[in-house]
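In what follows, a single structure is set out as structure tokens and then discussed.
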Amino acid sequence: MLRIIGLLTLTTLASSLNCGIQGENGASPIVLPAVTESEVVGEVILGVFPIYNVSATGAVSSPHARYLRVLRYESRYEILSAAPFPEFVQTERSQLLVREVIFTCSDGDKIQYTIQIPILDENTEAPAFNAVEYNVTVTASENGQLIPIDAGIAVYDADVDKSNANLILKSSNARLVPLVYEMANSDAFAYKFDLMVPDEMDVGDYQVILTADDGKYSASAMLKLTVIGEEEAK
Ligand SMILES: [Ca+2]
Ligand SMILES: [Ca+2]
């Protein structure tokens with residue numbers, strides 16, 4: 001039994017070291033240095049790998065293939081950007097660009113490599129409200145409790161890393177306190193923006209400016225709030 005295991009190990013090692021990228025056997029991904037999304041908007045050489053004894057290369061089918069271009073020379077393999085990285089980050093909603101490639105050795109053996117390029121999201125997307133103006137009517141309460149206002153207000157930030165979409169939501173009326181919930185959304189970070197109104201707010205019409213700030217960009221919307229008395233509501 002021991003002899004068989006030893007033989008298998010030797011065979012695997014021999015075939016995996018037959019050709020390919022020098023110093024790499026394909027067992028673990030090759031991770032290139034991280035780049036920030038705005039760093040690459042045109043063609044840039046991202047990595048140069050010395051190769052040996054390679055007769056052909058072929059990319060494994062990958063949704064990321066269109067973002068990268070590769071050049072194989074006799075003794076090196078180059079990987080270049082083919083599309084702007086902000087486009088990659090936004091479209092794929094990912095910060096890891098992956099390319100898998102199969103090298104064919106001159107004797108027909110094959111070896112597969114995974115190359116990973118971390119692309120760091122930057123704060124490039126501004127917050128956005130789902131409307132420019134909201135209208136809502138609430139009844140003044142008699143019992144001293146706070147009344148949550150649900151005016152259908154939602155705010156989105158399409159950045160990919162949460163640190164670039166951590167919104168601070170405010171109302172211009174200090175007596176209207178934001179009540180914020182995070183919502184599930186695959187295209188952007190999304191927040192439901194309700195308000196708490198104290199019952200002692202006088203009956204009348206109020207115009208409230210709502211703002212969303214991500215630390216770099218901000219957006220605003222108008223809330224037209226009407227407070228009516230208990231009698232009026234009946
Ligand atoms: Ca971004
Ligand atoms: Ca943002």
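Some points to look at:
- Any hit, segment 37-50, residues being closer than 13 Å to Leu120 by Cα and assigned to a loop (DSSP other than H, G, I, E, B): yes
- Test for Pro118: is it of a type outside the set (A, V, I, L, M, F, W, C) and within 16 Å of ligand 2 (Cβ to nearest atom): no
- In summary, strands (runs of 3 or more DSSP E) completely within segment 104-192 and bearing 2 or more residues that are away from ligand 1 (no atom under 16 Å from the Cβ) and of a type in the set (Ser, Thr, Tyr) occur at 110-120, 133-139.
- Scanning segment 61-97 for residues that are more than 16 Å from ligand 2 (Cβ to nearest atom) and assigned to a loop (DSSP other than H, G, I, E, B) turns up Ser61, Ser62, Pro63, His64, Tyr73, Glu74, Ser75, Ala82, Ala83, Pro84, Ser94.
- Filter pass, Ser171 being among the polar types (S, T, N, Q) and either in the same structural domain as Ser94 (by TED's automatic domain parsing) or touching a Pro at 6+ places or on another chain (Cβ under 9 Å) (or both): yes
The values are calculated or read from the model by the stated rules, or taken from the named source; none is laboratory data. Just so it is clear, the structure is predicted and the values come from calculations on it, not from any experiment. Note that each Cβ is placed from the backbone with ideal geometry, even for glycine, and that neighbours are counted across all protein chains shown.
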